[in-house]
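Please treat every number below as a calculation from the coordinates, not as lab data. All values reported here derive from a predicted model rather than from experimental measurement. Here the Cβ is made from the backbone with ideal geometry for all residues, glycine too, and neighbour counts use every protein chain on show.
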Amino acid sequence: MSDPRPIGVFDSGLGGLSVLREIRALLPSEGLLYCADSGHAPYGEKPQALIAERSLEISAFLLEQGAKALVIACNTATAAAAGAIRQRWPDVPVIGMEPAVKPATHATRKGVVGVLATTGTLESARFAGLLDQFGHGVTVLTRPGVGLVEAVERGELASPATLALLRTHLEPMLAGGADVIVLGCTHYVFLREQIEAIVGPGVRVIDTGAAVARQVQRKLAESEMLAAERLGDLQCWCSGNPRSVAPALEKLWGFSPLALLPPSTCLAC
């Protein structure tokens with residue numbers, strides 16, 4: 001059995017492309033739909049009710065386009081809306097994100113883990129539950145990565161301002177003895193090279209994109225919903241102005257941005 005329908009993926013902006021990249025690498029036969037809510041990025045400082053509302057609207061849009069499963073490629077949106085999305089569409093596989101606290105606590109040698117995430121993720125009940133479940137015997141240092149999502153949305157991955165901002169966020173965790181840094185936002189994955197250069201080879205940097213892709217594969221396999229062998233198509237939409245998103249999209253993904261995000265396919269803000 002195979003299911004040719006595409007997988008729907010969404011994020012507050014372009015950060016979810018880091019998850020989309022992992023899904024494409026693991027499941028090249030799958031068609032993919034991607035929605036970037038760039039008109040409302042970043043989610044991290046916004047009210048939970050607004051994030052949930054936007055997540056439900058985008059999920060409905062992706063399902064209208066024929067999505068067979070939904071991937072919430074955003075830690076903040078997962079914390080705010082995963083339960084509501086599953087309740088609204090109980091027959092649709094929904095795969096969310098959470099910071100890699102569990103693997104980080106296993107990987108640390110010093111017993112100190114740093115978590116770089118948005119304010120919305122760090123203040124969520126979901127994150128508190130992760131700490132309660134896996135944080136015993138380990139010191140977890142948290143830092144809201146204020147300004148980093150915006151830098152990625154602009155495509156400013158290695159500018160002096162972005163590097164200075166990264167040092168501001170990372171140095172307190174390094175000073176606290178962290179030997180593992182968790183990237184708790186999909187946007188931050190695009191800054192991984194710069195982060196690893198700052199923290200040095202003795203500090204491990206972890207994200208969950210590959211694990212999410214494997215979970216997508218498992219969920220679809222269990223339901224006999226994997227696509228047949230072919231090269232899956234990719235369609236993208238954004239809620240902002242595609243021409244303002246295009247330069248960053250070209251840098252992060254490498255496709256012709258205006259062909260990928262034509263103005264006629266923008267979601268309403």
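Can you return the aspartates and glutamates within cross-link range of Lys102? Criterion is Cα-Cα under 13 Å, with same-chain partners fewer than 8 residues away left out.
Asp132, Asp207
Where both partners of a DSSP beta bridge lie in the chain, what percent of those bridges are antiparallel, to the nearest 5?
Rounded to the nearest five, the antiparallel share is 0 percent.
Going by the alpha-carbon gyration tensor, a ≥ b ≥ c the square roots of its eigenvalues, is region 101-207 rounded (a/c under 1.5) or, if a/c is not under 1.5, prolate (a/b greater than b/c) versus oblate?
It is oblate, given that a/c is not under 1.5 and a/b is not larger than b/c.
If you line up the long axis of helix 125-134 against the longest principal axis of the chain, both from Cα atoms, how many degrees apart are they, to the nearest 10?
Helix 125-134 and the main axis of the chain meet at about 60 degrees.
Within region 69-84, whose backbone N sits under 18 Å from a point 7 Å along Cα→Cβ of Ala107?
Once the point is set 7 Å along Cα→Cβ of Ala107, 75 turn out to lie under 18 Å by backbone N, inside region 69-84.
If you rank Thr121, Thr78, Thr139 by fewest surrounding Cβ atoms within 10 Å, what's the result?
Final ranking by Cβ density, sparse to dense: Thr139, Thr78, Thr121.
Please state the relative contact order of the chain as a whole percent: Cα pairs under 8 Å, 6+ residues apart?
Reported relative contact order: 28 percent.
Magnitude of the Cβ-charge dipole of region 192-232, K/R +1 and D/E -1, about the Cα centre, nearest 20 debye?
For region 192-232, the charge dipole is close to 60 debye.
At 222 nm, what value in deg cm²/dmol follows for the chain if DSSP H runs of at least 4 each add -39500 (n - 2.57) and the sum is divided by all its residues, to the nearest 500?
One gets -13500 deg cm²/dmol as the mean residue ellipticity at 222 nm.
Relative contact order, percent, of region 101-207 when contacts are C-alpha pairs under 8 Å separated by at least 6 residues?
Once divided by the residue count of region 101-207, the mean separation gives 36 percent.
Listing Val92, Val216 from the residue with the fewest other Cβ atoms within 10 Å to the one with the most, what is the order?
Val92, Val216
Of the candidates Ala82, Ala197, Ala128, which one comes out as most mobile in a Gaussian network treatment of the chain with C-alpha springs shorter than 10 Å?
Ala197
Rank the residues Glu57, Glu229, Glu171 as a footprinting-exposure proxy: fewest other Cβ atoms within 10 Å of their Cβ go first.
Ascending Cβ contact count within 10 Å gives the list Glu229, Glu171, Glu57.
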